[in-house]
Each structure stands twice: as structure tokens, then as C-alpha cells.
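Enquirer: Okay, here's the structure, questions in a sec.
The values are calculated or read from the model by the stated rules, or taken from the named source; none is laboratory data. Model, not experiment: these values are computed from the prediction. Counting neighbours? That spans all protein chains shown, and the Cβs are built from the backbone with ideal geometry, glycine included.
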Amino acid sequence: MLNVVETFSGIGAQVEALKNIDVDYKIGATVEWDIGAMYAYDIMHNGKQFLEDYRLNSKDALLSELSKFNLSGNGKDPLTYESLRHLPSVLLKAIHTSIERSNNKVDVSTVAARDMPDNIDVLTYSFPCQDLSIAGTWHHNQGGIDREANNRSSLLWQVERLLKDYRDTGKMLPGFLLMENVSQILSKKHIQNFKVWQDFLESLGYVNQVITLNARNFGVPQNRERTYMVSVLQEGGLEKKIIEDYFREYDLTNFRTNKNPNLSDFLRLNYANLVYRDEALLNSPNYTISREKIMKGNTILAIDDKVVGSVVGALTTKQDRHPNSGIVIYKNRNPTENARYRNITPREAFLLMGFKEESFDSLVENNIRVAKNRLFITNAKLHRFAGNSIVVPVLEQIFKQINELNEIKVKKGSYNLNLIV
């Protein structure tokens, strides 16, 4: 049994991966302040909410409870009390239900060791990448993960604060830590700060394994390279040499799936399906001069219903931009007069991140109408959730290794890897 805590949990790529492999697990807690992401996580992994049975019914009672949390409406900025007050009661109920059902501690900057479950096997932390990525440089976000930068990526040091709290209060440290972020964390600009982070973990007794993996080698036709670090606490039968020998022998940088992904399995080009057609229309921008640049400068994935590409570019939080992850050209089957192409739809983006289509459907079916013409989880939010997430099949292989190493503790140092397929 792996007892897992997901910080920066987003829509739950980690728990999605754990569901897909033959491993017993329990999600003891999550930490996420984005109200849209926490609602999506709850619906996708805990099922439909039944708000008619909810214990808090008055808006004042809901506001009193939710105002205790540091919540965000966009994943960047905190929600003010006034902003909360303008949300409909049904949405306030859904947000509070999401917090309760996922044991969400909400704010990574205030969560303490005492708030966490005991005997955590794995703590995951996919902290924001915006101030590390190349796109961050375009937006003049220069601080990276410098602890004084006071930006989103510097939230990494809140994980340091939390682990220090574990150490100082005598609470048992998590047996494994799992980090995911953009590969720019290894660049000349950021490597020294990353080395400081690694040195801190080593001072606590962890052995760090840093690997950079591309999703296209794990059964997903997406050219998405990310850096992962598995930190293994030396305890039980896990000594430094055993850990290092294990990762040397079972190096995931050499992993290649025996499944040959076909982009046609991920794109939804059958517009006789009215759901797919409506989603295509929603992601078909009017053809302007700036869109002409997008059309001419990005990879063509399909023409009408015929796939002509093999792999999409790395998904980002927006697709109506240049560069983007790829486009579908309209020639003979244009669903709208004002468009010449469409972008990847949120459904396709979720599939290209390794989520199942039924999970996406459950989220769409349980979306909340907050105004006559507005849903809580908008098309733009769905793109953001996917772009901020982690490719599930990559996590599957990493969790298989973590589970195997966890079993080594019980076996006192002997191992025989039998989970990687």
C-alpha cells in the first residue's frame, strides 16, 4: 500500500496513474488552491457530487467556511471575500465539497506537518513552472526558483519549509518525494538553485534520482519533455548503494513502450458526432491576420478527417497562440464559414495527457452553470488544466519503480523488478 499526498495536485495526474497500475494506494491528502482544478479533481476521481444532501445550506455559512481558506480563481491570484460573495451558492457548495472529499489542505504556503496524514509513503510536488519556462522569460518572469523571487515557481521552497517542519517536530518524513517540472530547471540559469534544493534533500537523508523523459516514449504522441526527480529516503533496507544500483539498472531514460501510439486514436475528427463537432466549432477561431500566422507556422496534424501528422507539440495552457501544439486544417469539411482551421480541443488535450475520455466526459457532464450563458469550467480552463498537468503514462512507470523500491524496504535490500512493461 502506497500512502500518497499530492501537493500542487491540479486535476490529479498522479492519482490517475496510480489507478492504472496494479498497486494498492490511498490518497491521504491533496494541496490545491485553484477552485476550478480542485473541483475537476473531485469530479474526476471521487465521482459526482450530491449537493442536495450537503450539510451547509445558507450562503452566509458557506462564505464563513470558505473564507478560512486562501483560494484562487485562476491559479495565480487569491480570491477576495468580495469575489467569493458574488459566486452562486451552488458553486460555493461544490467548492467546499471538493475540499472535504479530497482532504484538500488548499494552501501550500501554510500547510504544516501536523496537518498531514501520518506515515506518508509518497509526497508529490509539481510546483508551477511558469517562471522557469521559456514562456516565462517572454513575460519578463526572470526569478526562476530563486527563493527570494516571490513568484509562483519559488513555491518550491514551501515544500522545503514543510519538510523542515517534519524534521523539527519529529514527524516521520515521507519515504519518497516525486518532483516534476520543465527541463529548464536544469539550465545554466536555474541549476545552482536546483542544486541547493538537492543538497537540502540529501541533508535529510534522501538519495535523488534526476531524469528527463519525453512523453512520446511512453505511448503518447506528444513531444513533451519534462524533468522528474525521485528522492528516496534511506531507511529500512534502502541504503544509498542499493538505491543508486536500482536506478542504474532500471533507467527510465532507456524506456520505450511496446505500444505504438497513433495520433488518430487521440484526435476527434468525426463531426457526425455532434459533441465532437460542437467542440471543434468552439476551438475554430475566426480567420484573421494573426490567425493566418498561426495556420502557416504550426504543425498540421490533420486535414479534415485525415490524420497527416504523427506527434503534437508540447501542450501548453493555451492553444490559440503562436506557436501552439498543432492544428487541424479545414478544406472540404469546414464546420463554420469564418474559420480555416481549428486548434486541439480540450477533450483531445486531456487524451494527449493520458486521461481517459470517460473522465473528461464526467467533468463536462457535471459542469456547473454559474450564469445564463456561462459555465464554471470554461473551455479556456479545460485547456489550462491539461497544459498544467503531467502525462499520466510517464507517471505510471515512475510509480511502478517507487512501489518496487517501497517493497525493497520490507525485503531488506533484495529486489527483482517485475512491474515495468
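Enquirer: Do you know which residues across the stretch 88-119 are over 26 Å from T378 (Cβ atoms) and polar (S, T, N, Q)?
Expert: Those that are over 26 Å from T378 (Cβ atoms) and polar (S, T, N, Q): N103, S109, T110, N119.
Enquirer: Oh, and also: Only one residue in S58, S83, S67, S102 is hydroxyl-bearing (S, T, Y) and crowded, with 18+ Cβ neighbours inside 10 Å, so which one is that?
Expert: S102
Enquirer: Here is a check on your reading of the model: is N119 within 20 Å of I402 (Cα to Cα), surrounded by fewer than 17 Cβ atoms within 10 Å (Cβ to Cβ) and either assigned by TED's automatic domain parsing to the domain that holds N214 or modelled with pLDDT under 90 (or both)?
Expert: Yes, satisfied.
Enquirer: Condition first: among the hydrophobic types (A, V, I, L, M, F, W, C) and in contact with a Gly (Cβ under 8 Å, 6 or more places away or on another chain). Can you find one or more residues in the stretch 54-76 that meet it? Write out each step before concluding.
Expert: Step one: of the stretch 54-76, the residues among the hydrophobic types (A, V, I, L, M, F, W, C) are 56, 61-63, 66, 69, 71.
Add one more test, that the residue is in contact with a Gly (Cβ under 8 Å, 6 or more places away or on another chain), and what stays is none.
No, that holds for no residue.
Enquirer: Here are F376, F385: which of them is within 29 Å of L177 (Cβ to Cβ) and not aliphatic (A, V, I, L, M)?
Expert: Only one candidate passes the filter, namely F385.
Enquirer: Here is a follow-up. Pull out all pairs, ordered by first then second residue, where Cβ-Cβ is under 7 Å, the residues are six or more apart or on different chains, the first lies in the stretch 281-305 and is basic (K, R), and the second is modelled with pLDDT of 90 or more.
Expert: Qualifying pairs under 7 Å: R291/P285; K293/H322.
Enquirer: Then there is this: What's the total number of residues in the stretch 223-272 that are among the small types (G, A, S) and either buried (at least 17 other Cβ atoms within 10 Å of the Cβ) or at pLDDT 95 or above (or both)?
Expert: Start the filter on the stretch 223-272 by keeping residues that are among the small types (G, A, S), which leaves 231, 236-237, 264, 272.
Narrowing the set further to residues that are either buried (at least 17 other Cβ atoms within 10 Å of the Cβ) or at pLDDT 95 or above (or both) leaves 231, 264.
Of the residues in that region, 2 qualify.
Enquirer: Report yes if some residue within the stretch 95-115 is of a type in the set (K, R), under 22 Å from N181 (Cα atoms) and in contact (Cβ under 8 Å) with a residue 60 or more places away in the chain; otherwise report no.
Expert: Filtering the stretch 95-115 down to residues of a type in the set (K, R) leaves 101, 105, 114.
In the following step, the residues that additionally are under 22 Å from N181 (Cα atoms) were identified as 105.
Subsequent filtering for residues that are in contact (Cβ under 8 Å) with a residue 60 or more places away in the chain retains 105.
Yes, the stretch 95-115 contains a residue that is of a type in the set (K, R), under 22 Å from N181 (Cα atoms) and in contact (Cβ under 8 Å) with a residue 60 or more places away in the chain.
Enquirer: Right, here's the next one. Filter the stretch 277-303 for residues that are in contact with a helix residue (DSSP H, G or I) (Cβ under 9 Å, 6 or more places away or on another chain) and not hydroxyl-bearing (S, T, Y); which is surrounded by the most Cβ atoms within 10 Å (Cβ to Cβ)? Quick ask: steps written out before the conclusion?
Expert: First, the residues of the stretch 277-303 that are in contact with a helix residue (DSSP H, G or I) (Cβ under 9 Å, 6 or more places away or on another chain): 279, 282-283, 285, 287, 301-302.
Next, only the ones that are not hydroxyl-bearing (S, T, Y) stay: 279, 282-283, 285, 301-302.
Values: E279: 21, L282: 13, N283: 23, P285: 20, L301: 28, A302: 20.
Checking each candidate, the answer is L301.
Enquirer: Could you list, in sequence order, all residues of the stretch 158-201 that are among the hydroxyl-bearing types (S, T, Y) and modelled with pLDDT under 95? Give the steps one after another, and end with the answer.
Expert: First, the residues of the stretch 158-201 that are among the hydroxyl-bearing types (S, T, Y): 166, 169, 183, 187.
Result: S183, S187.
Enquirer: Let me ask something else about it. Give the residues of the stretch 376-402 that are under 24 Å from K76 (Cα atoms) and in contact with a strand residue (DSSP E or B) (Cβ under 6 Å, 6 or more places away or on another chain), sorted by residue number.
Expert: Answer for the stretch 376-402, where residues must be under 24 Å from K76 (Cα atoms) and in contact with a strand residue (DSSP E or B) (Cβ under 6 Å, 6 or more places away or on another chain): F376, I390.
Enquirer: Could you run through the stretch 110-122 and say how many residues are in a loop (DSSP other than H, G, I, E, B) and either small (G, A, S) or more than 15 Å from K171 (Cα to Cα) (or both)?
Expert: At the first step, the residues of the stretch 110-122 found to be in a loop (DSSP other than H, G, I, E, B) are 110-112, 116-121.
Next, only the ones that are either small (G, A, S) or more than 15 Å from K171 (Cα to Cα) (or both) stay: 110, 112.
Matching residues across the stretch 110-122 total 2.
Enquirer: Here is a further query. Among V370, V312, V364, which is more than 21 Å from the chain's Cα centre (by Cα) and aliphatic (A, V, I, L, M)?
Expert: Unique residue meeting the criteria: V370.
Enquirer: Could you give me the residue pairs with C-beta distances under 9 Å whose first residue belongs to the stretch 352-378 and is outside the structural domain of M38 (by TED's automatic domain parsing), whose second residue is assigned to a loop (DSSP other than H, G, I, E, B) and acidic (D, E) wherever it lies, and which are 6+ apart or on separate chains?
Expert: The qualifying pairs do not exist here.
Enquirer: Hey, among R277, R226, R216, R268, which residue is of a type in the set (D, E, K, R), within 19 Å of L301 (Cβ to Cβ), touching a residue at least 24 places away in the same chain (Cβ under 8 Å) and in the same structural domain as Q14 (by TED's automatic domain parsing)? Even if it seems obvious, please write down each step before you answer.
Expert: Details: R277 fails: in the same structural domain as Q14 (by TED's automatic domain parsing); R226 fails: within 19 Å of L301 (Cβ to Cβ); R268 fails: in the same structural domain as Q14 (by TED's automatic domain parsing).
Answer to the check: R216.
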